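Novice: Following this message is one structure expressed as structure tokens.
The values are calculated or read from the model by the stated rules, or taken from the named source; none is laboratory data. Here the structure is a predicted model, which means the values were calculated and not measured. Cβ: placed from backbone, ideal geometry, glycine included. Neighbour counts: every protein chain shown.
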Amino acid sequence: MIDPTGLELVARAVRGAVGEGSVRETIHFRGEATLDVRPDDVHEVIRFLTADADEPFDFLASVHGCDYFPKEPRLAVHYQLLSSERRERLGVRTRMTVEVAESGTVPTVTDLFPTADFQEKEIFDFFGVRFAGHEDLRRLHMPEDYEGHPQRRDFPIGGEPVLYTYNEHEVPRWYE
Amino acid sequence: MSSPLSTPYREREESVTLERIEAPLAGTAVEPDAELFTVNMGPHHPATHGVLRLLCTLEGEVVRDVVPLIGYVHTGIEKSCEDQQYWKAITFVERMDYLAYYFNAYAFCAAVERLLGEEVPPRAQYLRVIHMELNRIASHLFWLGTSALDLGAISMLWWSLRDRDMILDLFEMSGGQRLHTRYFQVGGVMEDIPPGFERKTRDFTATMRTRIDQYEALLDENQIFVERLRDVGIVSRERLKGLGVSGPLIRATGDTWDLRKAMPYCSYEHFEFRIPVGTVGDHYDRYRVRIAEMRESMRIVEQALDGLPEGPYITNNRKVALPPRHELATSMEALIHHFKLVTEGFRVPPGEVYEAIESPRGELGCFVVADGSSKPARVHMRDPSFVNLQSLHDMAQGELIADLVASIAMLDPILGGIDR
């Protein structure tokens, strides 16, 4: 487990290798260490942490999205790195506004970890984060022609018309 | 050309070869004039273990490409959780991976407990371990039955479901429900185990030991079963790690990674058990690892029953856990707490945690963001089936289409967990 001092050392190493402004914030909460990085630097930071760092991480356990609405910048992508040798976890988080997310600034990490393929598709589907360089970014759970990104906090719960025989003519575009 | 029916049947019989069809190596370049055709498998297909749809590109009988298409049982559980109080969301997360419901509930409850900084009493931890390990056996039994069914051993399904029923009877005793028991609460478990539960559990483990021996004798000495699994679907450990695969699939390649040992949670460090690993990483290893895991789970259950500590089964913090029923008649404070918990729920201080546990299928992570209200701002399950499904392409490519069915069976995907 990474302690607060260790996290600062990791942050210093990342700042030295990737750039002074790459790590915006370090968070140590309930025994969990997280680096908050700039969206453009995600790929470089994860490449550094898995390949060049003194204590590298070898496993990308999870990639998931989050919406901190109404706080700004509201959207976030979390990467959970794991070192199976030292049994340590490190979270890498990047926060961005909706405009940044949709402009395709966040680079994909599928070239480093193929596991990110499905998970980045899921984040694109649910939050609308366009990963730059992802070869096949498309909706995963929702239908191809779905409009909107349903896991965003301002997307309402419910409101999906349920298709029955009696109301199929009232549901718009059901026949298309 | 003569009609096939005009050939005498004895001659036709002799022409049938029983030799193994050698599949060409994976990744060989496809001749431009070779005929490739695309076959859709699923979403409603008995061998896909749920509503999984596969687009298979075939060259003759050899699979050249598989694309899993998912989302057919996407029910928006993660979104629905954001509209529920924390104690009500347990019911939702249990329904994700519907064969490992205790694990889903544990991952969520443990994440919320960490956000609250709440200690779980030792007895509750042991009770959780007992139920999780029983659930692991039940999940593996269901996998064994359905996988053997896919490979043609039909009787295995009824036998493994017969044993799984004994576990469901135990769940019914302790939690009142057979599936989706909602037995785990934030801070502990719902109720103490009733009298007779321990004896029945010990009866079950004693019976199950001989049953597993019988199943092994049945399947391991069946030449068809073994030949269909051995040396099929081998994927290297490095590739699997890159794909994020965890659980029995990665252990079948010889990796000893198991979160129960590596990063113990819920007092798993108190128990003595071994981590079964394979050698080659083929389907046969995956089968053996899961069978061996069932035996180890039974050891853990017995140890937990032996060392079950006395004490409360849920935290005494009335701000989180409901007061006991008998206090409501005598104590005003208990009544207020009960009312507040049921109507509003407890509030969780802001923060975010990622809690990872070892489910029957691998690393089950629960990511919870709290914003200070009584409802979670985000609940995400890193479901092992979802991540492991990406390795199906590597397992099936270059193999025969009949082995694709075996690959799905040995992958053990649960579509409720994949689509959520």
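Novice: Kindly indicate whether B:LEU322 is touching a Phe, Trp or Tyr at 6+ places or on another chain (Cβ under 8 Å) and away from chain A (no Cβ under 14 Å).
Specialist: no
Novice: Another question, if that's okay. Do any helices (runs of 4 or more DSSP H) lying entirely in the range B:358-420 carry at least 1 residues that are surrounded by 24 or more Cβ atoms within 10 Å (Cβ to Cβ) and more than 13 Å from chain A (Cβ to nearest Cβ), and which ones are they?
Specialist: Where helices (runs of 4 or more DSSP H) fall fully within the range B:358-420 and carry at least 1 residues being surrounded by 24 or more Cβ atoms within 10 Å (Cβ to Cβ) and more than 13 Å from chain A (Cβ to nearest Cβ), they are B:392-396, B:401-411.
Novice: A further question follows. I'd like the full set of residues that are part of a loop (DSSP other than H, G, I, E, B), within 10 Å of chain A (Cβ to nearest Cβ) and touching a residue at least 40 places away in the same chain (Cβ under 8 Å), limited to the range B:237-280.
Specialist: Of everything in the range B:237-280, those that are part of a loop (DSSP other than H, G, I, E, B), within 10 Å of chain A (Cβ to nearest Cβ) and touching a residue at least 40 places away in the same chain (Cβ under 8 Å) turn out to be B:LEU243, B:GLY244, B:VAL245, B:SER246, B:MET263.
Novice: Going through the range B:119-146 one residue at a time, which ones are farther than 29 Å from B:ILE408 by Cα, part of a helix (DSSP H, G or I) and in contact with a Pro (Cβ under 8 Å, 6 or more places away or on another chain)?
Specialist: Matches in the range B:119-146: B:PRO122, B:ARG123, B:ALA124, B:TYR126.
Novice: Taking the conditions exactly as written (surrounded by 23 or more Cβ atoms within 10 Å (Cβ to Cβ) and of a type in the set (Gly, Ala, Ser)), does B:ALA153 satisfy them or not?
Specialist: no
Novice: Name every residue in the range A:95-153 that is among the acidic types (Asp, Glu) and either over 21 Å from B:ASP383 (Cβ atoms) or surrounded by fewer than 20 Cβ atoms within 10 Å (Cβ to Cβ) (or both), in order of residue number. If you could, list the steps in order and put the result at the bottom.
Specialist: Filtering the range A:95-153 for residues among the acidic types (Asp, Glu) gives A:99, A:102, A:111, A:117, A:120, A:122, A:125, A:135-136, A:144-145, A:147.
Within the range A:95-153, A:GLU99, A:GLU102, A:ASP111, A:GLU135, A:ASP136, A:GLU144, A:ASP145, A:GLU147 meet the criteria.
Novice: Still on this model: Within the range A:129-143, which residues are facing chain B (nearest Cβ under 10 Å) and among the acidic types (Asp, Glu)?
Specialist: Step one: list which residues in the range A:129-143 are facing chain B (nearest Cβ under 10 Å), which gives A:136, A:139-143.
Across the range A:129-143, the qualifying residue is only A:ASP136.
Novice: Does the range B:275-296 hold any residues that are farther than 22 Å from B:GLU227 by Cβ and within 14 Å of the chain's Cα centre (by Cα), and which are they?
Specialist: B:GLU293, B:MET294
Novice: Sticking with this structure for a sec: Tell me yes or no: at least one residue of the range B:333-353 is crowded, with 19+ Cβ neighbours inside 10 Å and assigned to a strand (DSSP E or B).
Specialist: Keep residues of the range B:333-353 that are crowded, with 19+ Cβ neighbours inside 10 Å, which gives B:337, B:341, B:345-346, B:348, B:352-353.
Filter once more, so that each one left must be assigned to a strand (DSSP E or B): B:352-353.
Yes; the residues of the range B:333-353 include at least one that is crowded, with 19+ Cβ neighbours inside 10 Å and assigned to a strand (DSSP E or B).
Novice: So B:MET156 passes all but one of these: (1) within 16 Å of the chain's Cα centre (by Cα); (2) under 15 Å from B:MET294 (Cβ atoms); (3) of a type outside the set (S, T, N, Q). Which condition number does it fail?
Specialist: All conditions pass for B:MET156, except number (1).
Novice: Considering only the range B:260-316, state which residues are of a type in the set (Asp, Glu) and out of contact with any Phe, Trp or Tyr (no Cβ under 9 Å at 6 or more places or on another chain).
Specialist: Filtering the range B:260-316 down to residues of a type in the set (Asp, Glu) leaves B:269, B:272, B:282, B:285, B:293, B:296, B:302, B:306, B:310.
B:GLU269, B:GLU272, B:ASP282, B:ASP285, B:GLU293, B:GLU302, B:ASP306, B:GLU310 - these are the residues of the range B:260-316 that are of a type in the set (Asp, Glu) and out of contact with any Phe, Trp or Tyr (no Cβ under 9 Å at 6 or more places or on another chain).
Novice: Just give me the residues in the range B:159-198 being among the polar types (S, T, N, Q) and either surrounded by fewer than 18 Cβ atoms within 10 Å (Cβ to Cβ) or farther than 21 Å from B:GLY311 by Cα (or both), in sequence order.
Specialist: Within the range B:159-198, B:SER160, B:GLN177, B:THR181 qualify.
Novice: Further question: Scan the range B:33-58 residue by residue and report those that are in a strand (DSSP E or B) and surrounded by fewer than 17 Cβ atoms within 10 Å (Cβ to Cβ). Talk me through it step by step, then tell me what you get.
Specialist: At the first step, the residues of the range B:33-58 found to be in a strand (DSSP E or B) are B:37-41, B:53-58.
Correct list: B:PHE37, B:THR38, B:VAL39, B:ASN40, B:LEU55, B:THR57.
Novice: Could you tell me whether the range A:54-62 includes any residue that is touching a His at 6+ places or on another chain (Cβ under 7 Å), at the interface with chain B (Cβ under 9 Å from one of its Cβ atoms) and either closer than 14 Å to B:GLY365 by Cβ or among the aliphatic types (A, V, I, L, M) (or both)? Before you say what the answer is, go through the steps one by one.
Specialist: Within the range A:54-62, the first condition is being touching a His at 6+ places or on another chain (Cβ under 7 Å), and the residues that meet it are none.
No, every residue in the range A:54-62 fails to be touching a His at 6+ places or on another chain (Cβ under 7 Å), at the interface with chain B (Cβ under 9 Å from one of its Cβ atoms) and either closer than 14 Å to B:GLY365 by Cβ or among the aliphatic types (A, V, I, L, M) (or both).
Novice: Looking at A:PHE69, A:PHE127, A:PHE113, can you tell me which residue is over 25 Å from B:PRO43 (Cα atoms), over 15 Å from the mean Cα position of the chain (by Cα) and touching a residue at least 40 places away in the same chain (Cβ under 8 Å)?
Specialist: Working: A:PHE127 fails: over 15 Å from the mean Cα position of the chain (by Cα); A:PHE113 fails: over 15 Å from the mean Cα position of the chain (by Cα).
Result: A:PHE69 is the single residue among A:PHE69, A:PHE127, A:PHE113 that is over 25 Å from B:PRO43 (Cα atoms), over 15 Å from the mean Cα position of the chain (by Cα) and touching a residue at least 40 places away in the same chain (Cβ under 8 Å).
Novice: Here is a follow-up. Any chance you could count how many residues in the range A:93-105 are in contact with an Asp or Glu (Cβ under 8 Å, 6 or more places away or on another chain) and either at pLDDT below 90 or closer than 14 Å to A:ARG47 by Cα (or both)?
Specialist: Our first condition is that a residue be in contact with an Asp or Glu (Cβ under 8 Å, 6 or more places away or on another chain); within the range A:93-105, this holds for A:93-95, A:97, A:105.
From what's left, either at pLDDT below 90 or closer than 14 Å to A:ARG47 by Cα (or both): A:105.
Count: 1.
Novice: Then there's this: Of the numbered conditions (1) surrounded by 15 or more Cβ atoms within 10 Å (Cβ to Cβ); (2) within 25 Å of B:GLY242 (Cβ to Cβ); (3) at pLDDT 85 or above, A:PRO56 fails exactly one; give the number of that condition.
Specialist: Of everything listed in (1) surrounded by 15 or more Cβ atoms within 10 Å (Cβ to Cβ); (2) within 25 Å of B:GLY242 (Cβ to Cβ); (3) at pLDDT 85 or above, A:PRO56 misses just condition (1).
Novice: So how many residues does the range B:63-103 have that are outside any helix (DSSP H, G or I), over 22 Å from the mean Cα position of the chain (by Cα) and facing chain A (nearest Cβ under 9 Å)?
Specialist: So the count comes out to 2.
Novice: When the residues of the range A:29-46 are filtered to those that are away from chain B (no Cβ under 14 Å) and in a helix (DSSP H, G or I), which remaining residue is nearest to A:ARG74 (Cα to Cα)? Break it down stepwise before answering.
Specialist: Of the range A:29-46, the ones away from chain B (no Cβ under 14 Å) are A:37-45.
Checking which are in a helix (DSSP H, G or I) leaves us with A:39-45.
Numbers: A:PRO39: 13, A:ASP40: 16, A:ASP41: 18, A:VAL42: 17, A:HIS43: 20, A:GLU44: 22, A:VAL45: 21 Å.
If we take residues in the range A:29-46 being away from chain B (no Cβ under 14 Å) and in a helix (DSSP H, G or I), then A:PRO39 is nearest to A:ARG74 (Cα to Cα).
Novice: Still on this structure: Within the range B:300-326, which residues are buried (at least 16 other Cβ atoms within 10 Å of the Cβ) and in a helix (DSSP H, G or I)?
Specialist: B:ILE300, B:VAL301, B:GLU302, B:GLN303, B:ALA304, B:LEU305
Novice: For residues in the range A:144-154 being within 8 Å of another protein chain (Cβ to nearest Cβ) and not basic (Lys, Arg), which is nearest to A:PRO70 (Cα to Cα)? Even if it seems obvious, please write down each step before you answer.
Specialist: Quick first cut of the range A:144-154, residues within 8 Å of another protein chain (Cβ to nearest Cβ) only: A:150-151, A:153.
Filter again for not basic (Lys, Arg), leaving A:150-151.
Numbers: A:PRO150: 16, A:GLN151: 14 Å.
Per the stated criteria, the residue is A:GLN151.
Per-residue answers, yes or no, for (1) aromatic (Phe, Trp, Tyr); (2) in contact with a Phe, Trp or Tyr (Cβ under 7 Å, 6 or more places away or on another chain); (3) touching a residue at least 60 places away in the same chain (Cβ under 8 Å):
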residue	(1), (2), (3)
B:VAL62	no, no, yes
B:ASP65	no, no, yes
B:THR75	no, no, yes
B:MET96	no, no, yes
B:GLN125	no, no, yes
B:MET132	no, yes, yes
B:ASN135	no, yes, yes
B:TRP143	yes, no, yes
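Novice: Determine if the range B:205-213 includes at least one residue that is of a type outside the set (A, V, I, L, M), out of contact with any Cys (no Cβ under 8 Å at 6 or more places or on another chain), away from chain A (no Cβ under 14 Å) and within 30 Å of A:PHE118 (Cβ to Cβ).
Specialist: Of the range B:205-213, the ones of a type outside the set (A, V, I, L, M) are B:205, B:207, B:209-211, B:213.
Narrowing the set further to residues that are out of contact with any Cys (no Cβ under 8 Å at 6 or more places or on another chain) leaves B:205, B:207, B:209-211, B:213.
Then keep just the ones that are away from chain A (no Cβ under 14 Å); that gives B:205, B:207, B:209-211, B:213.
Filter once more, so that each one left must be within 30 Å of A:PHE118 (Cβ to Cβ): none.
Within the range B:205-213, not a single residue is of a type outside the set (A, V, I, L, M), out of contact with any Cys (no Cβ under 8 Å at 6 or more places or on another chain), away from chain A (no Cβ under 14 Å) and within 30 Å of A:PHE118 (Cβ to Cβ).
Novice: Going by the conditions given, is A:LEU49 assigned to a strand (DSSP E or B) and not hydroxyl-bearing (Ser, Thr, Tyr)? Let's see the steps before the verdict.
Specialist: Values: assigned to a strand (DSSP E or B): no; not hydroxyl-bearing (Ser, Thr, Tyr): yes.
Answer is no for this residue.
Novice: Mind checking whether some residue in the range A:80-88 is at the interface with chain B (Cβ under 8 Å from one of its Cβ atoms), over 14 Å from A:VAL42 (Cα atoms) and crowded, with 20+ Cβ neighbours inside 10 Å? It would help to see each step written out before you state the result.
Specialist: Going residue by residue through the range A:80-88, those that are at the interface with chain B (Cβ under 8 Å from one of its Cβ atoms) are A:80, A:84, A:87.
This time we only want the ones that are over 14 Å from A:VAL42 (Cα atoms), so: A:84, A:87.
Keeping just the survivors that are crowded, with 20+ Cβ neighbours inside 10 Å gives none.
No, the range A:80-88 contains no residue that is at the interface with chain B (Cβ under 8 Å from one of its Cβ atoms), over 14 Å from A:VAL42 (Cα atoms) and crowded, with 20+ Cβ neighbours inside 10 Å.
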